[in-house]
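Enquirer: Take a look at the following structure, please.
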Amino acid sequence: LGDALKTTVSTALRELNVAPQSCVVWRDGIGISSIEVEALEEINGVKAGLNNHGPVGTETKRDIPLSYIVCQKRIDTKLLAKGVPGEPDGKYAAPSGTLVEGIQGLEHDTFYINGNAPPYSTAKPVRFIVVHNDKQMEQVPLPELTWDLCHDYPNWVSLLV
């Protein structure tokens, strides 16, 4: 998949005649056991495609900063509310849009965003695992960017349901 991503990204940049200043990739469908192998191959492919820019035969090398985030929807984590006046802690699900950053994975930064609750059930959060984050991207608030963009892209609603 790395070679296919390299070709696709470099062709898209050439055809669209764009020169991005940075790139954030949200990738769904990689399980915990496959992150190191699959994500690394894809990261290398995307970076190669981003950094090989220009018309065929006159490509220029660039160093475009990249963040690569794996989104996991089918997880067993539940976020429950605490401190609801007059109610015992844990009786209600955490409100939509709740961001949790304190539960970290062993190898990667992780954050959770609680999505919209379907009728008669608690909402399931989405786990976002920051697999790769170039130094130039460290000041980008990835949780806030993720939440903001889910309202601009209609397919992301399903990520947060």
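Enquirer: Answer yes if at least one residue in region 28-43 is touching a Ser or Thr at 6+ places or on another chain (Cβ under 8 Å) and open to solvent by 50 Å² or more (accessible area, probe 1.4 Å), and no otherwise.
Expert: No, the conditions are met nowhere in region 28-43.
Enquirer: Next up: Would you please list the contacts, defined by Cβ atoms under 9 Å and residues six or more apart or on different chains, that run from a residue in region 22-47 that is within 23 Å of Pro125 (Cβ to Cβ) to a residue that is aromatic (Phe, Trp, Tyr)?
Expert: Qualifying pairs under 9 Å: Val24/Tyr68; Val25/Tyr68; Trp26/Tyr68; Trp26/Phe128; Trp26/Trp156; Arg27/Tyr68; Ala39/Tyr68.
Enquirer: Scan Glu36, Glu15 and give me the residue that is of a type in the set (Asp, Glu) and more than 21 Å from the chain's Cα centre (by Cα).
Expert: Glu15
Enquirer: When you check Asp89 against the structure, is it among the charged types (D, E, K, R), part of a loop (DSSP other than H, G, I, E, B) and either over 22 Å from Gly29 (Cβ atoms) or touching a Pro at 6+ places or on another chain (Cβ under 9 Å) (or both), yes or no?
Expert: Yes: the conditions hold for Asp89.
Enquirer: Mind listing whichever residues of region 53-77 are at pLDDT below 80 and either open to solvent by 100 Å² or more (accessible area, probe 1.4 Å) or not in a loop (DSSP other than H, G, I, E, B) (or both)? If you could, list the steps in order and put the result at the bottom.
Expert: At the first step, the residues of region 53-77 found to be at pLDDT below 80 are 53-61.
Within region 53-77, His53, Val56, Thr60, Lys61 qualify.
Enquirer: Does any residue of region 114-121 turn out to be in contact with a helix residue (DSSP H, G or I) (Cβ under 7 Å, 6 or more places away or on another chain), open to solvent by less than 60 Å² (accessible area, probe 1.4 Å), at pLDDT 80 or above and not in a helix (DSSP H, G or I)?
Expert: For region 114-121, residues in contact with a helix residue (DSSP H, G or I) (Cβ under 7 Å, 6 or more places away or on another chain), open to solvent by less than 60 Å² (accessible area, probe 1.4 Å), at pLDDT 80 or above and not in a helix (DSSP H, G or I): absent.
Enquirer: Also, quick follow-up: Is it the case that Asp89 is charged (D, E, K, R), at negative phi and touching a strand residue (DSSP E or B) at 6+ places or on another chain (Cβ under 9 Å)?
Expert: So Asp89 passes the test.
The values are calculated or read from the model by the stated rules, or taken from the named source; none is laboratory data. Note that the structure is a prediction, hence the values are computed from the model and not measured. In this analysis, Cβ positions are derived from the backbone assuming ideal geometry, glycine residues included, and neighbour counts consider all displayed protein chains. Please note that ligands, DNA and RNA were not included when accessible areas were found on the heavy atoms of the full protein model with its side chains. Shrake-Rupley method; radii C 1.70, N 1.55, O 1.52, S 1.80 Å.
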